[in-house]
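This report concerns only the one structure given below.
Values in this text are rule-based calculations from the coordinates and carry no lab data. The structure presented is a predicted model; accordingly, all values stated were derived computationally and were not measured. Here the Cβ is made from the backbone with ideal geometry for all residues, glycine too, and neighbour counts use every protein chain on show.
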Amino acid sequence: MVDILSLPTVPELIRTAEDMYRLGWNERNSGNISCLLSQEESQHIADRSVIRTFPLGLAADGIAGRYMLITSTGSYFKNMRRCPEDCLGIVRISDDGQNAELVLGFENGGRPTSELPAHVMSHLSRLEVDKGHSVVLHCHPANIMAMTYVHELDDAKFSHTLWRMCTEGIIVFPDGVSVLPWMPCGTKGIGRATAEKMREFRIVIWAHHGIYGVGSTLDEAFGLVETVEKAAQIFMLTSHLPHINTISDANLAELAEVFDVAYRKDFIKS
Ligand SMILES: [Zn+2]
């Protein structure tokens, strides 16, 4: 019998979920995380038979045969360490790309997050542009959400504002952020819109709801969201005050040069 905690990505995900909870990003049962497992890790569970099957409702040929660790619907991030077998599941994407086949976890009737379509479609999009991609995470950081009430929901303008809020912004997310208008969550529509943006961006913000971040590791995806949220916090702390000093566009260009990052120059002209 394989213990779900024996897979190295599982304790890593639990630690990340706890950090997200402690930062106030994942109240109640909100948020979800999925990680595509490496070939090496997948070998440990390759002989397991299918326990239950969840139809994806979409064609995920690009990740057919891959194993994915994913949080369950209704689970609380703060409780994940206490019941990892209930809160987490490992699914294999079926050979025809139509189903998620449970091979471990989701005990006591658990199911994948209701945002499964957004996760699967985002994984497919990111793998097209980043072979090392592995992680998709979603949460509700307060300052990012607050900013979507008071700032224009325009990719270029939103990114430009965030870059100017802290020096490390343009270094950590030179590709900027994308902002989707409010849409109902848990639907294929928002999943499709998110995945479409993921071809260009590693951060997709859902107005008045939260944020999606991706990366090759849990730390990378987490750190990306953390940096965007910090920039949003500075905006919310200062947007009602006169700015007598700022990071100028010339400063942003200088930073990009010093740190040798390819940033969205078209966003600075906005
Ligand atoms: Zn959410």
*asked:* Can you give the FRET efficiency to the nearest 0.05 for T53 and E27, using r as the Cβ-Cβ distance and R₀ = 35 Å?
replied: 0.65
*Quick one: divide the alpha-carbon radius of gyration of segment 1-114 by 2.2 N^0.38 Å and tell me what you get.*
1.01
*Want the number for T187 to V261: 0.36 nm per residue separation, take away the alpha-carbon distance, what's left?*
23.1 nm
*Fewest Cβ neighbours within 10 Å first, please rank Y21, Y263, Y149 accordingly.*
Y149, Y21, Y263
*Anyone know which of G213, G176, G223 comes out most mobile in the 10 Å Cα GNM of the chain?*
G223
*asked:* Could you tell me the calculated FRET efficiency between D19 and T73, based on Cβ-Cβ distance and R0 = 30 angstrom, to the nearest 0.05?
replied: 0.90
*Scan segment 169-245 for chymotrypsin sites (Phe, Trp or Tyr not before Pro) in coil per DSSP, keeping those whose Cβ has at most 16 other Cβ atoms within 10 Å, and list them by number.*
W182
*asked:* On a 21 Å Cα-Cα criterion, which of the cross-link pairs K157/K230; K78/K197; K157/K197; K131/K269; K188/K265; K188/K230 come out too long?
replied: K78/K197; K131/K269; K188/K265; K188/K230
*Using a 10 angstrom cutoff on alpha carbons, build the Gaussian network for the chain and name the most mobile of P112, P11, P141.*
P11
*Subtracting the Cα-Cα distance from 0.36 nm times the residue separation, let me have the gained length for D154 to D130 in nm, one decimal.*
6.2 nm
_How much length would be gained if the chain were fully extended between N108 and D96, taking 0.36 nm per residue of separation minus their Cα-Cα distance, in nm to one decimal?_
1.6 nm
*Looking at the square roots a ≥ b ≥ c of the eigenvalues of the Cα gyration tensor of segment 118-270, which shape do they give, rounded for a/c under 1.5, prolate if a/b is larger than b/c, or oblate?*
oblate
